[in-house]
Structures are given as structure tokens and as C-alpha cells.
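The values are calculated or read from the model by the stated rules, or taken from the named source; none is laboratory data. Remember, predicted model here, so these are calculated numbers, not experimental data. No Cβ is skipped: glycine too gets one built from the backbone with ideal geometry, and neighbour counts run over all protein chains shown.
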Amino acid sequence: MPDTDPARSAPDRSVEDSTVQESHAAGTVAGTEAGDTGSGPVPGPRNGSSGPVPGPPPSARPGPPPARPGPPPAAAVPRPRPVAPPAAQPSPVPASSPDPSRWGRADDDGTIHLITADGERVVGSFQAGTPQEGLEHYARRFDDLVTETEVLAARLEAGGDAKATRTGITALLEGLDTASVVGDVAALRSRLDDLVGRAESGVAAAKADRDKARADALARKEALAVEAEKMAEDSTQWKEAGDRYKAILDEWRTIKGVDRKTDEALWKRFSKARESFNRRRGSHFADLDRQRTVAKERKEELAVEAEALADSDDWAATATRYRDLMAEWKAAGRAHRDTDDALWARFRGAQDAFFARRNASFAERDAEFAANAEAKRTLLAEAEKIDLSDPDSARSALRGIQARWEDIGKVPRDDIRTLEGRLRSVEEKVSDAADKQWRRSDPEALARLDQFRTKVTQFEAQAEKARAAGDARREAEAQRQADQWREWLSAAEQAVEQR
């Protein structure tokens, strides 16, 4: 019986086809030997003959057919090892060959009868040997059917194509009523009926597996279509989403089993989503190109202005403008990478040139200011040595130092407070000395001192006169007044000195 299971290996089909071929060949030989086509008996002695019984020339038993050519193995997929055909297990149907007379009989003329519960049935005529040999021949044909049945049972048990196996079993079952065999046909029929039921279960299970695989494939493609539609709607990760669409397409091609109509509908959804995403991405990059063109024009203007300011000597105002230009540059956005880099090189080069010139100028100025600071320190050392005992000379010397101080010029910012503080200290000392001299030469103060001296002289004269007159009381009173005014004079002189 031909094998219709595509999942089975070529060796399986060869073994089973060989079994069927042998069964058919045996039937052909029996028909030829028995003269089923109407031919007469083969001449020659029969019972009791001492000579050999002539028969047909032996025919070569057909061997297994060549294996079907398969597709060449893929380079990246290792070729599976051949799977051995399922071994037929011992059959519950009893073999007929050991005792064919249990299920049949042979007439003397070579007619072979099958004995069943319903009576006898002629299954053939055997003329190539003795009646007993004919009975044994038809028993072997029955055993061949049993073997073929068990091969199909083994295939079913091994998980082969249940539908193809059911077809083979059904064919055996349908031909059993007219089969030219001798054996326990009822047991074989029961065995085939049981296998048909198991095959039906296998077909149902295979169908359920196919339905599940189809549902899984449908669900997977549905999920991929939904994912594609989601990305088409709101994804802005252009590169990642584009790579994901490629991966979805590759996965889509590996999913099989969806019916054509549904598959086409899902494909249209996926294709539409991908096209929508591509349009959005194209629109995005078109807008980006326009923005980059605007940014290029604006940065070109900024670079030109920066280059124009590079030779300016207005350090403060130009530095401020450069800071403003940098803020405008950042706000302008990005142009195309090469263009943006070239414009930035121009802008940065002009800015660096200006600040390099400014730094050089500041370095020169700082060196000049440092020399000025050293000169002022020298002046301060001279000023701090001014003699304050002569305030007029001290003021004159200080005025000369102050004039030279102004002629020297500016000093570093960090030295201004220290140097100016030291000069102010000298100025204050000279001013204090002049104030003291003025206070000592104050006419009012000197007049008061002369008044006190006059009083002292006057009372001392009165005391001397009273002493000469021998007037002790008047002498004592005058002397007391003189001492009092002398004390006031001393206090006044000290006050003048301390002013």
C-alpha cells in the first residue's frame, strides 16, 4: 500500500511498500498457479507421483522501490539523521501460517475455502502444488495482511500522519470481505476497526493541533500588526522603529498557517502602518531639513558678525557682544553636521582671535600696572620718612610726593586699597602735625597765657610788698593768689602743648 505520509522517511515507505508489493506479488503468483484467469491445470503427475511437479518459472520478488528524491539540504540547516521505520509489534490477531486448517480448507481440485462464522467462502484456486500447499499459500497472504496492519498500527503509535494511516487502514478494511486469504478474518476486522477509531482520534488531535497552530499564528500576526500600527501612530524613535519594522517583516515571513484571506487582510494592515510611519518619518526629516537650512542662514550671519568684531579694541563692549552672539548661536538650532561644524569653526576662530588679542593687551597692561605699584611703594617708603617736626616742610614734601604719585598712574586692582591706605596714613600724620603747630600759635591762647603770667607777677609783687611792710596776713593772701594763678598758667601751657 502506498505511503501518503509526507513526514515519514524514505526507508519507512520502502519497507512498507515492500510488504504491500510482496502481498500483491503473492496474489499474482497464486492466481497464475491456480489458474484464476481460466487456464487449465498444469500437466504432470499429482498425487502419488514420484516425479517433480512442474510449475511456472520462478519470478524475481520485487524489492523496495527507490527512495523519492527530496530537496537538497539547506546550507545553514543540518540534515536530520534518517529515522528508522516503526517496528511492528506482535499482533493480537493470530497468525494463520502455523495452522491454516483452523480457518480454511482445500478441495482436491485445488479450490481454497475460507471458514468464517457465517459459513464458507471460496477465496481462490491453487494449481501449482498440493491442496495443502495452496491452503498454506493463502494463509501466508493473510499473515501479510496482518503484518501490513501492524505496520500501520506502529506508524499510528509513533505519531505519524494519522489521516494517511487512516486511509491505509480503511482500504484494508474495505477489501477484507473479498480478500483472497485464509485466516482469522473476524479478528483482523476487529483489529482494523479498533485502529480506525484510534486513527480518527489521531486525525481529530492533528486537526486540533493545526487549529491551535493556526490560531497562534493568527494571534502572532495580529499582535505584530497592532504593534506596527502603534508605532505608525506615535513613535518618534525613527531609527529604532525603522529597525523594528524590518524585524517584524522578517518574523512575519516565518509565520505560516494563516488562511489566505485573513493573512492578506493582516498584511494590508501591516503594510499600511509601515507606509504611514514612513510618511511621518519623511515629513519629519523634511521639516528638519528646512529647520537646518534656516539655522545655517542664521549661523552664517552670526559667523560674519563675529569675524567683523575680531579686530575690535573696545574690549568690554566687544566681549559683551560676543556673549550675546553665543546665546544667539545656541538658540539658532543645528544645521547639517558638516555645515554646522564649518560655521562653528569660523565663529569660534573669530572669537578666539579677539580674546587672544584682549588677553595680550591685558597682560601688557598688568605688567605696566605692576611696575606702577612698585614705583608707588618706593614713594610710600619716602613719604613715611617725612620729618613731622617742621609741619611746613612736611607739607611741602608731601605735595611733591602726591604729584609724583599721580604721574605714576594706575596699579593692579588688588594693590589699590593697600597702597592708597598707606598714603592716606602719611597724609593724616602731616595734617596732624600742622594742626598741632597751629594750635600752639593760636593768638587767643597766647593772650590767655600772657594774662595768667601777668596775674602771677602782680600777686607775687603784692606779696613782696606786704612782706616788706611786715604785713603777714596780706603777704599770705597775695602769695596764695599768686600760686593759684601759677597753677592755672601751668595748666593752660600744657593744654596748648597738647593741642
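The table below lists the values:
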| read-out | value |
| --- | --- |
| Test: residue in region 331-341 that is more than 30 Å from ASP289 (Cβ to Cβ), part of a helix (DSSP H, G or I) and of a type in the set (A, V, I, L, M, F, W, C) | no |
| Out of SER201, SER180, SER190, sole residue that is modelled with pLDDT under 90 and hydroxyl-bearing (Ser, Thr, Tyr) | SER201 |
| Out of PHE369, PHE362, sole residue that is touching a Gly at 6+ places or on another chain (Cβ under 9 Å), modelled with pLDDT under 90, more than 25 Å from ALA303 (Cβ to Cβ) and not in a loop (DSSP other than H, G, I, E, B) | PHE369 |
| Residue list for region 224-239, filter: surrounded by 11 or more Cβ atoms within 10 Å (Cβ to Cβ) and not hydroxyl-bearing (Ser, Thr, Tyr) | LEU224, ALA225, VAL226, GLU227, ALA228, GLU229, LYS230, MET231, ALA232, GLU233, TRP238 |
| Scan of region 223-263 for residues that are farther than 26 Å from PHE285 by Cβ and not in a helix (DSSP H, G or I), ordered by number | ILE255, LYS256, GLY257, VAL258, ASP259 |
| Any hit, region 389-397, residues being acidic (Asp, Glu), surrounded by 13 or more Cβ atoms within 10 Å (Cβ to Cβ) and outside any helix (DSSP H, G or I) | yes |
| Checklist (1) modelled with pLDDT of 85 or more; (2) closer than 30 Å to ALA383 by Cα; (3) surrounded by 13 or more Cβ atoms within 10 Å (Cβ to Cβ) applied to GLU428, failing item | (3) |
| Region 306-317, residues that are closer than 19 Å to SER361 by Cα and either within 43 Å of the chain's Cα centre (by Cα) or buried (at least 17 other Cβ atoms within 10 Å of the Cβ) (or both) | LEU309, ALA310 |
| Residue among GLU174, GLU148 that alone is free of Cβ contacts under 8 Å to residues at least 24 places away in the same chain, in a helix (DSSP H, G or I) and either within 60 Å of the chain's Cα centre (by Cα) or more than 18 Å from ARG102 (Cβ to Cβ) (or both) | GLU174 |
| Any hit, region 365-375, residues being touching a Ser or Thr at 6+ places or on another chain (Cβ under 6 Å) and surrounded by 15 or more Cβ atoms within 10 Å (Cβ to Cβ) | no |
| Only one of ALA331, ALA303, ALA335, ALA360 that is of a type outside the set (Asp, Glu), surrounded by fewer than 11 Cβ atoms within 10 Å (Cβ to Cβ) and more than 30 Å from PRO412 (Cα to Cα) | ALA331 |
| Cβ pairs under 8 Å, 6+ apart, first in region 454-475 and closer than 20 Å to TRP488 by Cα, second part of a helix (DSSP H, G or I) and of a type in the set (S, T, N, Q) | LYS455/GLN481; PHE459/GLN479; PHE459/GLN481; GLU460/GLN479; GLN462/GLN481; ALA463/GLN479 |
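The rows are residues; the columns are (1) in contact with an Asp or Glu (Cβ under 7 Å, 6 or more places away or on another chain); (2) exposed (fewer than 12 other Cβ atoms within 10 Å of the Cβ); (3) touching a residue at least 24 places away in the same chain (Cβ under 8 Å); (4) more than 30 Å from GLY159 (Cβ to Cβ).
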position	(1), (2), (3), (4)
ASP250	no, yes, no, yes
LEU266	yes, no, yes, yes
ARG280	no, no, yes, yes
LEU288	no, no, no, yes
